[in-house]
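Here's the structure, in structure tokens; my notes come after.
No lab work stands behind these numbers, since they all come straight from the coordinates. Not measured: the values here are computed from a predicted model. Ideal geometry is used to build each Cβ from the backbone, glycine not excepted, and the neighbour counts take in all protein chains shown.
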Amino acid sequence: MIKSAYLHIPFCEHICHYCDFNKVFLQGQPVDEYLQMMKREMAMQLSKYPTAGLDTVFVGGGTPTSLDEKQLAFLCEAINETLPFDPKNAEYTFEANPGDLSREKLKILYDSGVNRLSFGVQSFNDELLKRIGRTHRASEVYETIHLAQEVGFTNISIDLIYGLPGQTMEDFKDTLDKAIALQLPHYSSYSLIVEPKTVFYNQMRRGKLNLPPQELEASMYERLMEEMEKHGLHQYEISNFARAGFESRHNLTYWDNVEYYGIGAGAHGYTGGKRVANHGPVKKYITPLLSNELPVLEEHPVPLHERMEEEMFLGLRKTQGVSLEIFKNKFFVEMTDIFRKPLEEGSAKGLLKVEGGFVRLTERGKLLGNEVFQTFLGVIDSD
């Protein structure tokens, strides 16, 4: 039974240098029509893949809070009217940029039942923020979080990025100190990945992107884990840290490899045993919905061997790891039989361990996660 929904708002007032998500400049876009079609898609998806009720709703982007107050109110009302969930019990998240949220917008979200905010902070160094194409400054982080807390939000998360161009360990430590001093219940921190079709990718191809060496990036990650642990924020996934009870229930949907709705332009979903991708361009997304057709660009039925592979490389992102019992209940085979070779080799290299009924990454394994994940691909005969 589907328990989660992701909704994508592709509009941004500014495009960051590292971002490869589906997004477009807000100005001149048919925003109102897009929101109406999102509401139509919600209803159509629910009709095709019914659910008894959702546990999590996540609105991401793009920049959902780039919508004006009227549009934001319409979106929240459409979600509340169309999706079957109880905001008192469900986790209901909106992504936001510091500086984008007025008290009025925050109140619209809060009064609509939104109970979690996720801010894209990335750094507390104003010069670095400018270098990576962010429009906010550190002072706006403090102002926006304080305003959100005044309105009533208590479940607030911020994202940080390390391994940024020209970033030093001292700079990252300063950002960590300032982030942790906010005493928020949840933090996400990711290493920079230079993706194609981004400003950074073009700079890199011209040899003009001064990235920290891999050893320094690894040291930043180790410092991140140490500082979070020291301040009572347990690592529950490779890039995520939380106080007990404040783990992102929505993101755990992905890592637990269970189905979810993907709604909006360029959104990806997992429904009816298929990975589904919507059209990315806004007009191509809207057009089929005007004829009451789902805006599907492509869909991929996930065969059994892929589901088992996904169970491993997604589940191993969690510090808890992958449950031997759950794996057997899902696939009716022993994980240790299907993946004997990568499990034995990972254990021999000190990258994996089996304990308490779970397979999980070691501390060293966390530093080499992608290498470990790849060992589970192509192991099973797909015939």
**Magnitude of the charge dipole, the chain, Cβ model with Lys/Arg +1 and Asp/Glu -1, debye to 20** = 380 debye
**Request:** Treating cross-link reach as a plain straight distance, find the lysines whose alpha-carbon is under 16 Å from the alpha-carbon of Lys173, omitting any fewer than eight places away in the same chain.
**Result:** Lys230
**Item:** Global size of the range 296-355 as Cα Rg and Dmax, reported in angstrom
**Value:** 13.0, 44
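Using only the Cα atoms, work out Rg/Rh for the range 269-308, with Rh taken as the Kirkwood radius, to two decimals. It would help to have the intermediate numbers written out before the result.
Working: Rg = 12.3 Å, Rh = 11.1 Å.
That ratio equals 1.11.
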**Request:** Can you spot the lysines whose alpha carbon is less than 19 Å from Lys107's alpha carbon? Ignore those fewer than 8 places along the same chain.
**Result:** Lys70, Lys88
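How would you rank 78-88, 318-328, highest first, on the average number of other Cβ atoms within 10 Å across their residues?
On the way: 78-88: 15.5, 318-328: 17.7.
Those peptides, ordered most packed to least, come out 318-328, 78-88.
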**Message:** Using a Debye calculation, one point per C-alpha and no hydration shell, please list log10 I(q)/I(0) for the chain at q = 0.08, 0.12, 0.14 Å⁻¹ in order.
**Reply:** -0.43, -1.03, -1.40
**Fill in**
In whole angstrom, the spacing between the Cα centers of the range 234-269 and the range 105-157 equals 20 Å
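Can you compute the equivalent ellipsoid semi-axes for the range 150-279, i.e. the square root of 5 times each eigenvalue of the Cα gyration tensor, sorted largest first and rounded to whole Å? Can you show the working numbers first?
Details: eigenvalues 148, 121, 36 Å².
Values for the range 150-279, descending: 27, 25, 13 Å.
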**Message:** Please compute the contact order of the range 255-383 in relative form: average sequence separation of alpha-carbon pairs under 8 Å and at least six residues apart, divided by the residue count, as a percent.
**Reply:** 18 percent
**Message:** For the range 16-144, take every pair of Cα atoms, bin their distances at 5 Å starting from 0, and report each bin as a whole percent.
**Reply:** 2, 9, 18, 21, 20, 15, 9, 5, 2, 0
**Asked** So what's Rg/Rh here for the range 224-302, counting alpha carbon atoms and using the Kirkwood radius for Rh?
**Response** 1.18
**Prompt:** Using just the C-alpha positions of the range 108-147 as equal point scatterers, what log10 of I(q)/I(0) does the Debye formula give at each q in 0.14, 0.25, 0.32 1/Å?
**Reply:** -0.39, -0.83, -1.08
**Item:** Estimated distance in nm for a label pair at Ala348 and Lys283, the labels positioned 7 Å out from Cα along Cα-to-Cβ
**Value:** 5.8 nm
**Fill in**
So, with points 7 Å from each Cα along the Cβ direction, the Glu299-Ile193 label distance in nm works out to 2.6 nm
**Prompt:** Looking at the range 218-260, which trypsin sites (Lys or Arg not before Pro) are DSSP coil and have at most 16 other C-beta atoms within 10 Å of their C-beta?
**Reply:** Arg243
**Candidate lysines for bridging to Lys341, where Cα separation is under 25 Å - those fewer than 8 sequence places away on the same chain excluded** = Lys318, Lys328, Lys330, Lys349, Lys353, Lys366
